[in-house]
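So the structure is just underneath, and the comments pick up after that.
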Amino acid sequence: QLQASGGGLVHAGGSLRLPCAASGRPLSSYNMGWFRQAPGKEREFVAALSRSGGTTSYADSVKGRFTISRHNAKNTVYLQMNNLKPEDRAVYYCAADIDGDALYMWSFNYDSWGQGTQVTVSS
């Protein structure tokens, strides 16, 4: 079971870190992803991390500003978001790809989802 948290209201240029904590199997068993959904828009890929921890993938819109990472002892995956922009406003979701052999950016590849956490960026 995944649980995302850490959302909130920040000014443009600010930072937030979103944890995604898991119970049960270690997150190092899965490829992990972060997605977001803005009002009136489809859910979109943000970032992904391989189960080995050695490979990451980012959407072009967040590259250089967001970082996905994992803390094995805490069994938590993080999304560090810096230099936030108003267009980053969305509900953010973490997800696990149980048996994927690559990092995917399509939500249908992911098997388990946490509840979302709201991120709002004021201009």
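Filter the range 70-98 down to residues that are open to solvent by 50 Å² or more (accessible area, probe 1.4 Å) and touching a Phe, Trp or Tyr at 6+ places or on another chain (Cβ under 8 Å) and give me whichever is farthest from Pro19 (Cα to Cα).
Ile98
Does Gly33 fit the bill of being surrounded by 12 or more Cβ atoms within 10 Å (Cβ to Cβ), closer than 20 Å to Asp101 by Cβ, of a type outside the set (A, V, I, L, M, F, W, C) and touching a residue at least 40 places away in the same chain (Cβ under 8 Å)? Even if it seems obvious, please write down each step before you answer.
On the way: surrounded by 12 or more Cβ atoms within 10 Å (Cβ to Cβ): yes; closer than 20 Å to Asp101 by Cβ: yes; of a type outside the set (A, V, I, L, M, F, W, C): yes; touching a residue at least 40 places away in the same chain (Cβ under 8 Å): yes.
It is true that Gly33 is surrounded by 12 or more Cβ atoms within 10 Å (Cβ to Cβ), closer than 20 Å to Asp101 by Cβ, of a type outside the set (A, V, I, L, M, F, W, C) and touching a residue at least 40 places away in the same chain (Cβ under 8 Å).
For the range 2-14, which residues satisfy the criterion of being of a type in the set (A, V, I, L, M, F, W, C), within 15 Å of Asn83 (Cα to Cα) and in a strand (DSSP E or B)?
Result: Leu9, Val10.
What pairs come out if I take residues in the range 99-123 that are crowded, with 17+ Cβ neighbours inside 10 Å and at pLDDT below 90 and pair them with residues that are of a type in the set (S, T, N, Q) and outside any loop (DSSP other than H, G, I, E, B) whose C-beta lies under 6 Å away, six or more apart or interchain?
Gly100/Asn31; Gly100/Asn109; Leu103/Asn31; Leu103/Ser57
Which numbered condition in (1) among the basic types (Lys, Arg); (2) closer than 20 Å to Asp60 by Cβ; (3) assigned to a strand (DSSP E or B) is the only one that Arg17 fails?
Status for Arg17: all satisfied but (2).
The values are calculated or read from the model by the stated rules, or taken from the named source; none is laboratory data. Everything numeric in this text was worked out from a predicted model, so none of it was measured. Note that each Cβ is placed from the backbone with ideal geometry, even for glycine, and that neighbours are counted across all protein chains shown. Surface accessibility is based on the protein's heavy atoms, side chains included, excluding ligands, DNA and RNA. Shrake-Rupley method; radii C 1.70, N 1.55, O 1.52, S 1.80 Å.
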